[in-house]
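Derivation of every value follows stated rules applied to the coordinates shown; laboratory data play no part. None of the values given here were measured: they were computed from a predicted structure. Neighbour counts run over all protein chains shown; Cβ positions are idealised from the backbone, glycine included.
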Amino acid sequence: MVKLSDIIKEDAETKALNEPGLLSEVSKTKNSRGSLPEIKKIYDDIILITKAIMNGIKEGKTIEGKEIVDLAEIIVYRLQAHDNAMLYFINLYTFYLEKEDYLYVHSVNTTILATRIALALGFEERELVDLSVASLLHDIGMLKISPEIIHKTSRLSEEELYELRRHPIYGAEILKDIEDLPKSTSEVVYQHHEREDGSGYPDGKKADEISEYAKIVAIADVYEAATHLRPYRKDRTIPYDGVKMIVREAKSSFNAQFVKVFLKFITPYPLGSYVLLNSNEIGRVVKVDVNHPLSPVVEIFFNSKGQPPEKPVRIDLAQSPAVCIEKAIDEDKL
């Protein structure tokens, strides 16, 4: 059987942007304010700006809050115009090329996810921007954690774990030197690891003691971290298992209402993910219907004999009751 990994070895970015299936599904070209390649460049630029801001903070430079607010406004604007495309990039780029990239990319991806939840909840424009600012900075305290602890592959000692769990405290301290940030930012940075049942940190707050924004960022933060590879970690959680994890922890860790909203646009089978069908075919998800999230449109990559089809084949699972998904597949393990 031809290995999927052999086919996708070519440049992932170039390949994805040249594939008409996914391109047509996520870039609303008729009414949109930018094509998919243009949005990809914006996504990359947002990461670069975030990196510059955080490096400036780390180096002790004076950072204006307006810089971060302006960046948050761009993210909100782009999500309002191209939510599917922005979410697609999160799912497509599931690894970081360098260890140092993790904080910047994680912060941007978490912001996109958290802001998307807020959009679905009907937040007003100012609230969306405030939440986006807080999301971008939610892990800023990690700048004060030793790289040896952050990138350690073996189990952390009690002392190291204690230090790592102080990053919300460090983050709130860093924000004191940045003027003109929304008032909610510090609260979110300090509380994003608190949990509904009081099992979180740093203060073990419960339910209504935790800010609404922090509860939203918590869901986005956990899902993003779980479903993305890092240079020092060999395994990641595929989106299907990431969704299951969020659902499993909904009762104890997360706000149930926010999880329900989250699941409306983060499906177990997001765009670009791979699935095994009960027909023994392997396909890639090219379209997701919010009304039928468990029955996406799948483009067949390998037929039941393990060979790529001679001509493109698509199956709308919502319209094909005899065909269904057996399980999600991690493309790296095919």
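The table below lists the values:
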| read-out | value |
| --- | --- |
| Per-residue ³J(HN,Hα) for segment 58-71, Karplus 6.51 cos²θ - 1.76 cosθ + 1.60, θ = phi - 60°, Hz, x for Gly and Pro | 4, 7, x, 6, 7, 10, 7, x, 4, 4, 6, 4, 4, 5 |
| Shape category assigned to segment 62-193 from the gyration tensor of Cα positions, a/c cut at 1.5 | oblate |
| Sequence of R165, R116 once ranked by neighbouring C-beta atoms within 10 Å, starting from the fewest | R165, R116 |
| Segment 165-214 shape via C-alpha gyration tensor axes, a/c threshold 1.5 | oblate |
| Prolate/oblate/rounded call for segment 32-266, Cα gyration tensor, a/c under 1.5 rounded | rounded |
| Sorted by Cβ neighbour density within 10 Å, fewest at the top, the residues M86, M54, M245 | M245, M54, M86 |
| Candidates per GluC sites (Glu not before Pro) in segment 263-334, loop by DSSP, up to 14 other Cβ within 10 Å | E310 |
| Volume in Å³ per residue [convex hull over Cα atoms, computed for segment 171-287] | 155 Å³ |
| Using θ = phi - 60° and Karplus 6.51 cos²θ - 1.76 cosθ + 1.60, couplings along segment 298-315 (whole Hz; Gly, Pro as x) | 10, 9, 6, 9, 9, 7, 5, 8, x, 10, x, x, 5, 10, x, 10, 10, 10 |
